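To start, the structure itself, in structure tokens.
The values are calculated or read from the model by the stated rules, or taken from the named source; none is laboratory data. Here the structure is a predicted model, which means the values were calculated and not measured. A quick note on method: Cβ atoms are made from the backbone with ideal geometry, for glycine too, and the neighbour counts reach across all protein chains shown. Just so you know, the surface numbers come from the protein's heavy atoms only, side chains and all, with ligands and any DNA or RNA stripped out. Shrake-Rupley method; radii C 1.70, N 1.55, O 1.52, S 1.80 Å.
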Amino acid sequence: MARPTPEAPRLADPRYGSATLTPHLLRYLTLVAAERGHDLGPALRRAGLSPAVLSSVGGRISYRQGSSVIREAVGLLGDPALGLAVGRRQRVTSWGLVGFGLLASPTLGDALALGVRHHGVTGSMLDYRTESVPGGTAILAAARYTDSALHAFLLEEAFGSIVALVRDALDAEFAPRAVAVRHPRPAHGSAYEEWFRCPVVFAAPDDRMEFADDWLARPVPTADPYALAQTVQLLDAARDRGREHQDLVEGVEVSVARSLPRVPPLAHQALARGMSERTLRRRLARHGTSYEALVDSVRLVRAEELITTSDLPLQRIAGMLGFSDARTLRRAVARWFGTSPSALRGARTPVDRAARPAATARAPGGAAVSGAAPAGTPPCTPSP
């Protein structure tokens, strides 16, 4: 991968490190790996996670953590069709409240609309929308971040799981009308036709799955309007809480990222949000983080991007991050990644990340916490 010139480094999106995703996808990835005799525990720990975190109700991880574990799993299992395998492994109950909402929906079309509306609750690492097409409806997927090496995996898991859920909830003979993906046909392309049972177009303009009107009109046998109303109420409340968390955390992170190398004081952040410092600290704590941790997280993401995609000297990068000197940067990199900046630069890029040694995090009081997230990594904590 060609590196940008030092004058114009590609800066990371600070939201990449925000703990706003549920760990659903990683839960099934670790399950598939375990069924094949592989333990993803070390990969989880290197990302600042633990196996127990994946079963924590209301837990949150960051896109950075999720992508790190997926990359290691793909390399460890050596299966180019791993995304499809993870998608196929799921059942309608795998999606929790969203899955129950699908079962309670009157028709498949209603179920799909509910799934698209609340896909964030399922921990999706892609974004979705629907589009009317002649004789049916298409679900379009879009990447949340520029991450070409993971795109095919995420798409296979997403489309594969949708088909698995429909077959589980409605009819084992279900097949979408057509599937189109932007990536070229892979060596395991025949697995697409085998699983989807429909025409598949590779190197397409966008990523989409089309559903024919006759399937969309099919009644769901377990439909229940009262249960659906209850479920939607819970999902709407969860979405609102998630938005509150995401808006506050991402808003602070974006503000810090735009201000670097100067870090705005907490009082400035509080004033910009029309609240006191005490209130802002309390709200961040309620979301399982702190202002200091968010500043550290922004620096972590920015440092990783600058070190791995540019040839800027460490002293210059340290200055861009608001550190006093290169020595301070080296200490931060060792704390975050368990290695040195030179090793990070030589061995890793955002597209092809090698495994890194597990870091030892520090609790607020300074004590070492074995297996915890590196300091500054947004923790996987229950949402309010």
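Tabulated results
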| item | result |
| --- | --- |
| Order of exposure, largest accessible area first, which applies to Val333, Val53 with probe 1.4 Å | Val53, Val333 |
| Inter-label distance for Thr93 and Asp79, nm, one decimal - labels placed 7 Å from Cα along Cα-to-Cβ | 2.2 |
| Of all accessible heavy-atom area on the range 231-294, the percent that carbon and sulfur account for (1.4 Å) | 51 |
| Accessible surface, per residue, of the range 274-332 when the full set of protein chains is kept, probe 1.4 Å, Å² | 44 |
| Principal axis box of the range 45-132, alpha-carbon based, largest edge first, Å | 43, 29, 22 |
| Accessible solvent surface per residue of the range 75-155, calculated while the other protein chains remain in place, 1.4 angstrom probe, Å² | 38 |
| Pairwise FRET efficiency - Arg258 versus Ser132, Cβ, R0 = 51 Å, nearest 0.05 | 0.85 |
| Extension reserve of the Thr107-Glu35 stretch, reckoned as 0.36 nm per residue once the Cα distance is removed | 22.5 nm |
| Residue-span extension gain [Ala326 to Asp206] - 0.36 nm each, minus C-alpha spacing | 38.9 nm |
